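A short worksheet on the structure shown next.
The values are calculated or read from the model by the stated rules, or taken from the named source; none is laboratory data. These numbers come from a predicted model, not from an experiment. Cβ placement follows ideal geometry from the backbone for every residue including glycine, while neighbour counts extend to all protein chains displayed. Only protein heavy atoms, including side chains, enter the accessible area calculation; ligands, DNA and RNA are left aside. Shrake-Rupley method; radii C 1.70, N 1.55, O 1.52, S 1.80 Å.
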Amino acid sequence: MASIGTGYDLSSTIFSPDGRVFQIEYATKAVENSGTCMGIRCKDGVLLAVEKTIISKMLVPGSLRRAHIVDKHASLVVCGLISDGRVIVDRAREECENYLDFYGRPIPGAILADRLAHFVHLYTLHWSVRPFGCAILLGVHNGEKQGAQLYMIEPSGVSYRYFACAYGKGKQAARTELEKLSLNDKQASPQISCEQAVKDLAKIVVSVHDDSKDKEYEIEMIWVRDGKPAAMVPRDVVQKVHDEAKREAEADSDMEDE
Amino acid sequence: MFRNQYDTDITTYSPQGRLHQVEYAMEAVKQGSAVVGVRSNTHVILATLKRSASELASHQKKLSEIDDHVGVAIAGLTADARVLTRFMRNECLNHKYVFEQPLALSRLALSVADKCQVSTQRASKRPFGVGLLLAGYDATGPHLFQTCPSGNYYEYYAMAIGSRSQGAKTYLERTFDSFPECTVDQLAKHAVLALRETVSSSKDTELTLENTAVAIVGKGTNFVIYEDDEVKPYLDMIDADEEEQPAEAEPAAADAPMTDA
Amino acid sequence: MEKVIYVNETDAQRKPLLPSASSSVMSGLRLTAGVPLKDRDDSVLASAAGAPVKHTSRPIVTGSSVIAMRCKDGVVMATDTLASYGSLARFRQISRLYKATDHCVIGGGGDMSDFFELCETVRKETTLEYCYDDGHMITASAIHQMLARIMYNRRNKMDPYWNYMLVAGWQHGKPVLGYVDLVGSHFVSEVIATGYGEYLGLPLLRKAYREDITVEEGKKVLQQILTVLFYRDARTIDRIQIACVTEKGVEISEPTKLETEWSYKAFISGARASDVSTW
């Protein structure tokens, strides 16, 4: 890499001569090594999913949490360094609480995403701190009128709203798969339901996972649905869907072999 | 060496997106003498190997009580551990003062992990060079947690950290399926047997009354530390059961810290 | 804009008493949690500057009695729905019962704004618990203890939340009922009443209490006592709410109207119609 050894890549407060901030790009690398995270906006809510590598069989299931409830109406998943992600989770909870305290209604997704993006961006501005080594997928539901929203915040502090998005190891393949679900039909609201999306995302996780290279993994999912508080998708449901997806994938590959 | 450019500052990522300073702090944990934690459906047991600086020095204690229902075993820099221990005692006391209930283990582990994370993100700090095994019993039963300098924390059925802990880990991985139904004595035996794996490869060390300590916490039992003469029953237990030969210790596999684990 | 209090304020020498920004502030955004110095209580700053400290010394909009009974299969609690402004029956449809968790309800009397603020504090705590999603849920007795700590802390600042509160819950298969007040006193008991209820209701509660009393019986008892209180306490109305906490959860009734009977002789001619004494 042209950046290495130049001395322009040692601090996030240094621009390289061609106008890049390498430390932010390196932080992004930490995210790209992480298990694939995905989010999808559905007709009845928003669903987030994350692939978690199981580092030891002695680990209690659900340990090393990546999907977090932020408020009754908001959830997020962390892609990248888990411990960095928790700082953003804490901040997000604080923002939700402050907004509700001050305005008497739950924080709108756009504002929460904006505030978190500001927060993340702040860590790219000062020499005394390092940028976050994680990206955040944010799912918020603001009732019937505003509906469900999905945002992604990157280590640089950039944030966009999405119909569906993916980040992490398998992001390219996952994005291609998500596009096939054709969710960005702007004429109509998304046709897919959360229940259906659970199956679709499990399938995508299975398809982007490289069995030969990667270790054992589990899927964690979280959703915010119409009129219901943000909640983890029950583990047994995820497990069932995951097993089905695996079986299908194996059946497919067997057919190819023949 | 290019590598040196990126490994001297806690706020600097390497081009691969790694944080070398944090990884080095994780190494400090591996330098500490071994500690083992195991959990059944009712109890958690910690077993530790103590070191002494010289013949004339006492053995460094590695177990601390945090509250009636929690205790920790440490591996790494003892002085750093003392800071975290004090922090945890404070957290437990505050929680008890406000809610008149013991602090849940998961929350305690979370708050320690959050504290560790802060010192991985600021130029003016260094990470804590210590790993902890938290053992405790709360409203949701017995729990065993591990915390790392990276700010990660894990809940385990059984775990070993510290120098030569790979041997203990191998033993635990082989046997942990049977732990849930274990009695306290059986569980303690597994803990001490696992701990013995960490000394079996060196000829001049073995588990003795001086260098071994065991702690138990569980349903109806507050956290208690057994050391010196009190640890004798546990050592006798494994002596009485010599036929089971320990497996050869494997070389420690480098766990990549801070990367997606 | 930021308010800074000056010591020995003269035009010539103006020294800020406190630093205007703490070190954890960058670009106006906070990196760390905690209260910046500038947001501290005005009265503390004022007193440091030599001004006398002023605190709330009376409640403003008030609720009257809260009464409750611990039963065999749960806890029942009742209040009326009035918030008075002095002797004016100002707000007639205020609920003074707050469902804190699925198995805890709080009833409050005294200053209503203070009560709602305390309920907000509890809500924040329960929301956080919900977010943690780790299998632990705050119990009624933990909420009771937390409120007691808050109340005691504030009374030590000579700035109390002006309330009397009852906390009812169901935990570990048992009913719990506790009391907290503005000075931080707190206890648990099988029957508790606050405000005028303490004088007029408590003896009736004690008389009606049995160890094997059921929630259904308890509800009737509370209704009768609130009727008595309505007859005698000038700060009540005849619209009430009854909450019960059982194994199944919290159930708070819609406001219902008390049945009253005003044709008693004593009500018509006055209880002391034939009494000629002046006392």
Inset, instruction - Search region C:90-124 for residues being in a helix (DSSP H, G or I) and of a type in the set (Lys, Arg), and hand back the single one that is nearest to the chain's Cα centre (by Cα). - result: C:ARG123
Inset, instruction - Please work out which one of (1) under 16 Å from the mean Cα position of the chain (by Cα); (2) at pLDDT 95 or above is the condition C:ASP159 fails and give its number. - result: (2)
Legend entry - helices (runs of 4 or more DSSP H) wholly inside region A:142-258 containing at least 2 residues that are touching a helix residue (DSSP H, G or I) at 6+ places or on another chain (Cβ under 6 Å): A:171-180, A:194-208, A:235-257
Legend entry - Total residues in region C:66-88, condition over 19 Å from C:TYR98 (Cβ atoms) and basic (Lys, Arg): 1
Inset, instruction - For residues that are open to solvent by 10 Å² or more (accessible area, probe 1.4 Å) and in a helix (DSSP H, G or I), scanning just region A:100-116, find the one that is farthest from the other protein chains (Cβ to nearest Cβ). - result: A:ALA110
Legend entry - Which numbered condition A:GLY7 fails, given (1) outside any helix (DSSP H, G or I); (2) modelled with pLDDT of 95 or more: (2)
Inset, instruction - For region B:128-147, name all the residues that are farther than 28 Å from C:ILE138 by Cα and open to solvent by less than 10 Å² (accessible area, probe 1.4 Å). - result: B:GLY129, B:VAL130, B:GLY131
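Within region C:168-279, considering only helices (runs of 4 or more DSSP H) that don't extend past its boundaries, which have at least 2 residues that are in the same structural domain as C:THR79 (by TED's automatic domain parsing) and under 29 Å from C:MET146 (Cα atoms)?
C:202-208, C:215-232
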Legend entry - Filter result (surrounded by fewer than 19 Cβ atoms within 10 Å (Cβ to Cβ) and touching a helix residue (DSSP H, G or I) at 6+ places or on another chain (Cβ under 8 Å)) within region C:197-212: C:LEU200, C:ALA208
Inset, instruction - Determine whether region B:233-246 contains at least one residue that is modelled with pLDDT under 90, part of a loop (DSSP other than H, G, I, E, B), of a type outside the set (Val, Ile, Thr) and touching a helix residue (DSSP H, G or I) at 6+ places or on another chain (Cβ under 6 Å). - result: yes
Inset, instruction - Exactly one condition in (1) within 16 Å of the chain's Cα centre (by Cα); (2) facing another protein chain (nearest Cβ under 9 Å) is not met by A:ILE88; state its number. - result: (2)
Legend entry - Per-region count, region B:150-174, residues open to solvent by less than 20 Å² (accessible area, probe 1.4 Å) and more than 10 Å from every other protein chain (Cβ to nearest Cβ): 6
Legend entry - Residue that is farthest from B:LEU77 (Cα to Cα) [pool: residues in region B:143-184 that are modelled with pLDDT of 95 or more and among the charged types (D, E, K, R)]: B:GLU181
Inset, instruction - Examine region A:70-83 for a residue that is at positive phi, within 11 Å of chain B (Cβ to nearest Cβ) and not aromatic (Phe, Trp, Tyr), and state whether such a residue exists. - result: yes
Inset, instruction - Return yes when B:LYS96 is more than 26 Å from C:MET146 (Cβ to Cβ), basic (Lys, Arg) and surrounded by 15 or more Cβ atoms within 10 Å (Cβ to Cβ) and no when it is not. - result: no
Inset, instruction - Examine region A:15-24 for a residue that is touching a strand residue (DSSP E or B) at 6+ places or on another chain (Cβ under 8 Å), closer than 29 Å to A:TYR162 by Cβ and crowded, with 20+ Cβ neighbours inside 10 Å, and state whether such a residue exists. - result: no
Inset, instruction - State whether the residues of region A:128-142 include one that is of a type in the set (Ser, Thr, Tyr), open to solvent by 10 Å² or more (accessible area, probe 1.4 Å) and within 29 Å of A:ILE14 (Cβ to Cβ). - result: yes
